[in-house]
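Heads up, the thing below is written out as structure tokens.
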Ligand code: NCD
């Protein structure tokens, strides 16, 4: 199996093969062992990662930073571009050229769909998409699939439910496409009518032969789910804030609701949560969001940086 990540950009999950995913997961498991054994090593010594986050971030930003540092690399950490020339009106195209002169790899988060692609077209080093508007969040999807694989051992016959803002949530877009690649064929999409999964994702899933149920009624379907993937209603994508207020807590996962879920199910969330999972659920052993799901983000990002920067 060859490393197709080497010196490439990673903007979308669309071009990943099953073998790419396997290589990445194998490397992520090595990283988990490495961190357990010795916290990290020096394999990226001399390499620099610029993290350019035009939009807020806690986990994605910090886990990329810590991943680079754990492997001995250097960082240009910009969490917010307000203190850079972007505030003076510098274009995405120019910024791509600027940071290509200083860094060996650039991680970018931006509020416009398609921005990471434009950025990578103008950069001369590898670019990783850390979220482009409502488009994609490919590293989140991979850490989510890795978490599912690590938990269940295989994807065989899993029914994956996704809850919340399926229209604007980039995590569920990348996640659905990634799960289709590894063979998941049963999806239940639970959302208010106004926040349904976009047509292009639904079409892709149907064309792959997936069985899809779309519903507004969480209680009716929660007992059928192996993976319960909850998401936040994406306030920053709404122009009508009254509409956001109306939809934001359409679903709240409580211990009561979790009683209806399978004993063997897992509850995941990319975080941050803003009320849609009650804190009383955190101690439920099925809740992975504050535990392995988040931690796996670091192993996956360590693996990706190593695969992109080292042959
Ligand atoms: C997600 C994002 O930025 O899309 N956060 C994350 O990276 N874990 C989800 C969200 O903000 O709701």
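Derivation of every value follows stated rules applied to the coordinates shown; laboratory data play no part. As the structure is a computational prediction, the values presented were derived from the model and not from experiment. Cβ sites come from the backbone with ideal geometry, for glycine too, and all protein chains shown count toward neighbours.
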Check your understanding: Taking the stretch 35-64 as the search range and keeping residues that are surrounded by 19 or more Cβ atoms within 10 Å (Cβ to Cβ) and part of a helix (DSSP H, G or I), which one is nearest to the ligand (Cβ to nearest atom)?
Key -> 60
Check your understanding: Looking at this structure, is residue 276 within 16 Å of the ligand (Cβ to nearest atom) and over 19 Å from residue 142 (Cα atoms)?
Key -> yes
Practice item. Could you tell me whether the stretch 149-159 includes any residue that is within 16 Å of the ligand (Cβ to nearest atom) and farther than 23 Å from residue 6 by Cα? Key: no
Practice item. Please go through the stretch 210-226 and pick out each residue that is touching a helix residue (DSSP H, G or I) at 6+ places or on another chain (Cβ under 9 Å) and part of a loop (DSSP other than H, G, I, E, B). Key: 210, 216, 226
Practice item. Give just the number: which of (1) within 16 Å of the ligand (Cβ to nearest atom); (2) crowded, with 20+ Cβ neighbours inside 10 Å; (3) in a loop (DSSP other than H, G, I, E, B) does residue 229 not satisfy? Key: (3)
Practice item. Mind listing whichever residues of the stretch 99-117 are in contact with a strand residue (DSSP E or B) (Cβ under 9 Å, 6 or more places away or on another chain) and away from the ligand (no atom under 16 Å from the Cβ)? Key: 99, 100, 102, 103, 104, 105, 106, 117
Practice item. Would you point out which residue out of 28, 96 is closer than 28 Å to residue 178 by Cα, free of Cβ contacts under 8 Å to residues at least 60 places away in the same chain, under 23 Å from the mean Cα position of the chain (by Cα) and more than 16 Å from the ligand (Cβ to nearest atom)? Key: 96
Exercise for review: Sort out which residues of the stretch 162-182 are away from the ligand (no atom under 14 Å from the Cβ) and surrounded by fewer than 24 Cβ atoms within 10 Å (Cβ to Cβ), and write them in order of number.
Suggested key: 177, 178, 180, 181, 182
**Study point:** Residue check, residue 302 within 15 Å of the ligand (Cβ to nearest atom), under 30 Å from residue 27 (Cα atoms) and in a helix (DSSP H, G or I)
**Key:** no
Exercise for review: Just need a number here: residues in the stretch 232-261 that are touching a helix residue (DSSP H, G or I) at 6+ places or on another chain (Cβ under 6 Å), surrounded by 16 or more Cβ atoms within 10 Å (Cβ to Cβ) and in a loop (DSSP other than H, G, I, E, B).
Suggested key: 4
